[in-house]
Amino acid sequence: MVAPAALRVVRCGGGGRLCGARPVFSADAKYLLCGSGDFVKMYSLATGETLRLMGGHADLVTGVQLNPHNHMQLYSSSLDGRIKLWDFMDGIPIKTFTVGSKLLALYALASCEDSVFVIVPKNGERDTFQLVSVKLTKAAGQDIEAKDLSVVLDDVDVSPKCIAFGREGEYVASVKDVNLQVYFFKRKQLNKFSVSVMKTKGGNHNFTCVVCHPTEDCIATGHADGKIRLWYVNFHHKREYTFSTLHWHHDVVLDLAFSMEGTSLLSGGIESVLVLWQNLSDRQKDFLPRLGSAVEYISVSPDGTLCCTLHTDNRISIINSNLRFSRSIQGLIKSRDVKTGLVVDPRTKALVLNGEPGHLQFYCLQSDQQLFSLDIVQQQYIHQADLKQVDLVKVAFSAQGKWLATVEEREEETDPELQLKLWFYDEETQSFKLNTRINTPHDDQITDMCFRDMDEMEDDSLILVTTGRDCVFKVWVIVEDTDPEAQQSVSWSCDFVGSYHNYQATNCCFSEDGSLLAVSFEGTVTVWDSVTWDLKCTFCHPPGKIRNICFGRLTCSKYLIGATDHGFLCCWNLLSCALEWSAHLNILVLQPDPLSEHIAAVSWLSKESSLFVFKPNEPRPIYIQRNLCKEKIQLAAFVPRDEPETAGSEKYLWLRRSQLFFLTDTQELMTLSTRSLEERLTPSSKQLAVEESLPVTPFSLLLGKHRRQQSQEDIDLGKLIVHNKQEQDSPAVKELLHTPAHVLPSASFLCPIFIKSLLISKENKSAEEVADEVEMESEKAEDDSDEERDVTEMEQEDTSPSELLGEMTCKLSKYQEKELRKIRKMDYSWISAF
Amino acid sequence: MATYKPVVVQAFPKLGEKITQDTLYWRGYKTPVQIKEFGAVNKIHFSPVPPYNYAVTASSRIHIYGRYSQEPIKTFSRFKDAAYCATYRDDGNLLVAGSEEGSIRLFDVSGRAPLRQFDGPTKAVHVVGFLSDKYRIFSGGDDYSSSLWDIPNGTEIISYNEHTDYVRCGCASKVNADVFITGSYDHTVKLFDARTKGSVMTIEHGHPVESVLLFQSGGLLVSAGGRYVKVWDILKGGQLLVSLKNHHKTVTCLCLNSSGQRLLSGSLDRHVKIYSTTSYKVVHSFNYATSILSLALSPEDETIVVGMTNGVLNVKHRKPEKRKEESQKKRQPAYRTYVKGRTYMPKQEDFCVSKPVKHILRKYDKLLKSFQSSKALDAVLEPPIRLHTPEVTVAVMQELHRRGTLRSALAGRDEKQINLLLTFVARHVVEPRFTSVLVTVADMITDIYQPVVGQSAIVDRQFLKLQEAIGKEIDYQEELLEVLGMMDTLFATFTKKSAAYPEENRSNGLTETIETNTNN
């Protein structure tokens, strides 16, 4: 750590894409391990929670494999050229093997004692890769150089799906383009087959993936035209083979997996349907349709009860053996294009953006979990290439999160199909309910949309403004439905249509008090009175069109900020209607902080993004971060913090109340944080220490707390329940039972004590005294567990355990009684409250 | 992992009138019977006893019609000039009518010649009626007076000369035999008590009063005059309860339905409006060919009779209610088979195994789930779905388009199916809610079946129909644009300069949407 308060860019969402490597089940099928960006993640299969996040690689994790000789260990490979061996139960890295070149896939075999197989790029050549085996020396020490490489196969495909190892590691099959090669380790024999020789009739026969049957000499390959071929190779004769074809997929087969016994085959493609081929035949197949998005990887648990599919949108579905969907593990779902922008839901403080196609995902930043996914389009999603899908393009929340407006769009040759939907938050069902649907709100694409943000004024002042490429902006208001038989009392309708010289309306923004509306029309910003809808004034800063506009807040509410695509950031004073200042910056994103005057602007200049934070009333920025990241930053959002952070330095005061998140071109969600990665990770790992082997759900935690509380209350109230009694004599019994048998005195000696301990002690004891005893006993039990007693000591004690008990009671009773009286006083008041 | 999501059938807001219980009730009349009278029908009155004949006063005659008769059962025609306001007594035996020459005549329903003739008023008597004790008659006429007559003696009991203009309407209280009300062109409604010498209450309506009505309870008074229908609380001393302005011409007649829950008003603007007497909102309205002068509703709302200025009597009979006998025939399983086991409360030691909730999918959803696009399209082109819920058909077409299989689902169809598809498209393509989808469908159909055009006369005809429908729609849109242009000019001249800006924008937005429709 250089400086404690240095602001750094941190990737959030606990890592990046899950799609780097095939997920692996642990041996007991309780956990799922998969690579996620630079990390290896461990999920609990029972709850779907992230149990562990193992970080240490410096680049994308490309392979995750269990150590075949120790099921508690895990190998992972990464593009940084290292293979790491982990103890995943504790999350400790055991060893790191440095190979040197990029590792693109990792395979570990039970038959190979001390080596693993990796795909590496061939020396000196860029686009050819080879499968090599790496000898992992058993030398001591954490970091070991693994330079003992031997090439197994030349010219293999880069994808980890294109290599598979046959039963008991006898052979390895590799596919590339139209060629299949099988290499036998023992005989050192290489057989090559190719598909194009056999069939030349249409279609793309390229191989996409290969798997080997676990017990038989059978290889299954998937092809780009959707066919699956099963090769039965007679391995004794070089040129004899038979194959059968299974065809259901209409597009590329993305992954295949044999069941553990090899009786059935699972396949998945971009149709997002999991197909189960029973008995490896065409006749009997089962389907699990509508998995959400294309199936990237399929893996099967070692006991055959579960299988999981990893999808291209960063989601894992866990599926029972009878093809029943059981749960999905999802973080931030990556959609192809985030058109909605980053929006913060005022109610949950969740980040809202495009999720699954046609859905809106509510992503909780704190827990790295998807809160829920709202189906906006409500249409069946058809997975097919070059089909124009309905896309969610704009989202806006009203100030309290009571109303949600969404725009969906489907591009067509002539004019786009547009729908504006307004959703009402239903308190009863705790979800959004569709209130109004407006077909074709504009004749062309909607460019921007905003609600009038006013906290104090409720529904009656709620206004929605949409701007469109059809050169108008429209104002929508709530109208009361006069028809008493209508299902809902309010609906939305258009109130005003405004335009300015037939320019395309590009952006809109309400001032903080809601009295002014700024709409940008190409190169001009127009300001409208939101009551009378009169045009108040116009601003422009030629040349160039307006890219973003926003009003200043709080003390700076008299300023209007605009960014043009000619690289100018301008600030206009609304009182004097004059340009206050301007700066020459190519601003891509302009984001005001809802809780302060600060405005964040992200610029893009000579292949790096920079961040400027400024207040509109002074042209000098408060904070500049050059080289924020190498990618273009698409979107940004300020998310309010739950509690204001105690900022270390004056410089980062602007981060005190809200946190800045931004999304890059490659859909990485990043944030700025003063804390380092380790600090950020610690709280989660602390929490993980609680759950040892059993999965602890939030519910069980809650229940446990409740139970503990309840038992505490029982004691406090002086209620004596029978099980308390049993607890009372447990230490004596425990002592008896936990002492090794060979050091115990004879049974005849122990028996009376044991029986005595089981007896219910004095009848005339008041409830208080008994309660005393309970507490004292538990104290004693703690003592017992803390101290390791000698045998002799124990024998001494054994002679008179009951006496000792009595003594202790007498000693402590006075003090305890005082305590109890206090408690009782408190209790009565507490009860009376009920 | 998610379950299959069924196709979203878009719900569109229903434009036009909403179907309520009232609309269903008031629509339940047969097509009207038109009967030509000799002159403007100034009064229709139903006999309060079965068989509910009704007396129609028009010109110098009073016709009595039976319930279903198109010809009058009986005619009283001994008037020299116009007769007015033929009214039945509560027992249905006597009928009284005023006349232009000023005499009031009392008829026995079964007889022909008048039983009594009350001569006294010098000018036309426009309103007559029985008090609820059956032995007295009140009248009002053009001599500004309201009088009371004794039937047995045939003499005038009392005459009130309080109105300052023609008395044109009146009614007697059903609760008190001494109380009657008259409304006059002097803009007032006066309440008289036969036991006193003057009016008890005067209510200022504000317009010449054309019709008055008392509620069954006698506590509420309804007056109609000018464009207004006003409801007054008599028990509170004539306080205005509600003022209704739903007609755009003078309201001429009022009527309550048999239950007293609905108030009907007829007007010269050719409409009959039906109000709920609890909320005083219009729940339904009828319109007629010409201005309405009189209106009556038979007991149990069996018949609505409306008399008009051109002498046409419009009679609507209620449709007989359908009895659902078929459903009764089918034997339902006993109630206990449904509740069997439902009432069992699980004990503490019981394990509860809940049945998974079964999602029932529609046929087209099942087919879509298994990717059978062509069959799914077939399923939604079945008559019940295609005819009654075209939005489902369109939703499935849209879903198929979204899946990229619409073209293959549309292709490979025979003559009959193409015919069906084209009929559907041609019918619905002009509906704005379906246009965007059906234009794509029409495009694809023309693309796919272009090579076979000319091989089948039926298909060719459908193509022509489609072309015609689209051509018509384009013309229509162009016309609308012209109207819009005119309106823009009008708005521009009307609006003040300060408000000019938003107004301009609004109209711009409107024009653009219509333009895109035209492009489609």
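When you go through A:VAL343, A:VAL377 one by one, which is the residue that is within 14 Å of chain B (Cβ to nearest Cβ), more than 16 Å from A:TYR43 (Cβ to Cβ), out of contact with any Cys (no Cβ under 8 Å at 6 or more places or on another chain) and not charged (D, E, K, R)? The unique qualifying residue is A:VAL377. Of all residues in the stretch A:118-143, which are β-branched (Val, Ile, Thr) and under 15 Å from A:LEU79 (Cβ atoms)? Selection gives A:VAL118, A:ILE119, A:VAL120. The residues listed here are A:THR62, A:THR47; of these, the one that is in contact with a strand residue (DSSP E or B) (Cβ under 6 Å, 6 or more places away or on another chain) and within 25 Å of A:SER317 (Cβ to Cβ) is A:THR62. Can you confirm whether A:ILE382 is within 14 Å of chain B (Cβ to nearest Cβ), closer than 25 Å to A:VAL589 by Cβ and assigned to a loop (DSSP other than H, G, I, E, B)? No; evaluated as a whole, the condition is false for this residue. With respect to being assigned to a strand (DSSP E or B) and modelled with pLDDT under 90, B:LEU115 fits the description.
For the stretch B:121-166, a residue qualifies if it is touching a Pro at 6+ places or on another chain (Cβ under 6 Å), assigned to a strand (DSSP E or B) and of a type in the set (Asp, Glu), but none of them does. Quick one: is B:VAL175 outside any loop (DSSP other than H, G, I, E, B), surrounded by fewer than 18 Cβ atoms within 10 Å (Cβ to Cβ) and of a type in the set (A, V, I, L, M)? Here the answer is no, as B:VAL175 does not meet what is asked. The criterion of at least 2 residues that are within 14 Å of chain B (Cβ to nearest Cβ) is met by the following strands (runs of 3 or more DSSP E) wholly inside the stretch A:391-453: A:403-410, A:417-426, A:431-439.
If you take the residues of the stretch B:203-256 that are among the aromatic types (Phe, Trp, Tyr) and assigned to a strand (DSSP E or B), which of them is nearest to B:ASN176 (Cα to Cα)? It comes out as B:TRP232. Taken as a whole, the structure leaves B:LEU24 outside the set of residues that are within 30 Å of B:VAL396 (Cβ to Cβ), modelled with pLDDT under 90 and not in a strand (DSSP E or B).
In the stretch A:298-339, which residue that is among the aliphatic types (A, V, I, L, M) and part of a strand (DSSP E or B) is nearest to A:LEU256 (Cα to Cα)? Selected residue: A:ILE298.
Would you check if B:LYS134 is exposed (fewer than 15 other Cβ atoms within 10 Å of the Cβ), in contact (Cβ under 8 Å) with a residue 12 or more places away in the chain and basic (Lys, Arg)? For B:LYS134, the condition - exposed (fewer than 15 other Cβ atoms within 10 Å of the Cβ), in contact (Cβ under 8 Å) with a residue 12 or more places away in the chain and basic (Lys, Arg) - is met.
Checking each residue in the stretch B:374-400 for being buried (at least 22 other Cβ atoms within 10 Å of the Cβ) and over 41 Å from the mean Cα position of the chain (by Cα) picks out only B:LEU400. The condition of being within 13 Å of chain B (Cβ to nearest Cβ) and modelled with pLDDT of 90 or more holds for only one of A:THR467, A:THR526, A:THR482, A:THR532, that being A:THR526. Under the condition of being within 14 Å of chain B (Cβ to nearest Cβ) and part of a strand (DSSP E or B), the residues counted in the stretch A:491-516 number 10.
Every test in (1) under 17 Å from the mean Cα position of the chain (by Cα); (2) modelled with pLDDT of 90 or more is passed by B:ASN257 save one, and that test is (2).
Kindly check whether there is at least one residue in the stretch A:194-214 that is touching a Ser or Thr at 6+ places or on another chain (Cβ under 8 Å), modelled with pLDDT of 85 or more and within 14 Å of chain B (Cβ to nearest Cβ). So far as the stretch A:194-214 goes, no, none of its residues is touching a Ser or Thr at 6+ places or on another chain (Cβ under 8 Å), modelled with pLDDT of 85 or more and within 14 Å of chain B (Cβ to nearest Cβ). Total residues in the stretch B:257-282 satisfying the condition of being surrounded by fewer than 18 Cβ atoms within 10 Å (Cβ to Cβ) and part of a strand (DSSP E or B): the figure is 2. Per the listing A:SER299, A:SER326, the residue uniquely touching a strand residue (DSSP E or B) at 6+ places or on another chain (Cβ under 9 Å), within 14 Å of chain B (Cβ to nearest Cβ), polar (S, T, N, Q) and farther than 30 Å from A:SER658 by Cα is A:SER326.
Looking only at the stretch A:295-314, count every residue that is under 27 Å from A:HIS213 (Cα atoms) and under 18 Å from the mean Cα position of the chain (by Cα) and tell me the total.
The qualifying residues number 8.
Filtered by the rule that a residue be within 11 Å of chain A (Cβ to nearest Cβ), outside any helix (DSSP H, G or I) and without any contact (Cβ under 8 Å) to a residue 24 or more places away in the chain, the stretch B:392-437 gives a lone residue, B:GLY404. When we screen B:GLY454, B:GLY485, B:GLY471 for residues that are away from chain A (no Cβ under 14 Å), modelled with pLDDT of 80 or more and not in a helix (DSSP H, G or I), the only hit is B:GLY454.
One line per residue, one yes/no per condition, for (1) within 14 Å of another protein chain (Cβ to nearest Cβ); (2) touching a residue at least 24 places away in the same chain (Cβ under 8 Å); (3) loosely packed, with under 15 Cβ neighbours inside 10 Å; (4) among the aliphatic types (A, V, I, L, M):
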position	(1), (2), (3), (4)
B:PRO13	yes, no, yes, no
B:ASN42	no, yes, no, no
B:ALA55	no, yes, no, yes
B:GLU71	no, no, yes, no
B:PHE76	no, yes, no, no
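In the stretch A:605-616, is there at least one residue being of a type outside the set (A, V, I, L, M), surrounded by 15 or more Cβ atoms within 10 Å (Cβ to Cβ) and not in a strand (DSSP E or B)? Yes, there is a match, as at least one residue in the stretch A:605-616 is of a type outside the set (A, V, I, L, M), surrounded by 15 or more Cβ atoms within 10 Å (Cβ to Cβ) and not in a strand (DSSP E or B). A count restricted to the stretch A:334-349 and to residues that are buried (at least 22 other Cβ atoms within 10 Å of the Cβ) and aliphatic (A, V, I, L, M) stands at 1.
The values are calculated or read from the model by the stated rules, or taken from the named source; none is laboratory data. A quick note: this is a predicted structure, and the numbers were derived from the prediction, not measured. When we count neighbours, we look across all protein chains shown, and the Cβ atoms used for this are built from the backbone with ideal geometry, even at glycine.
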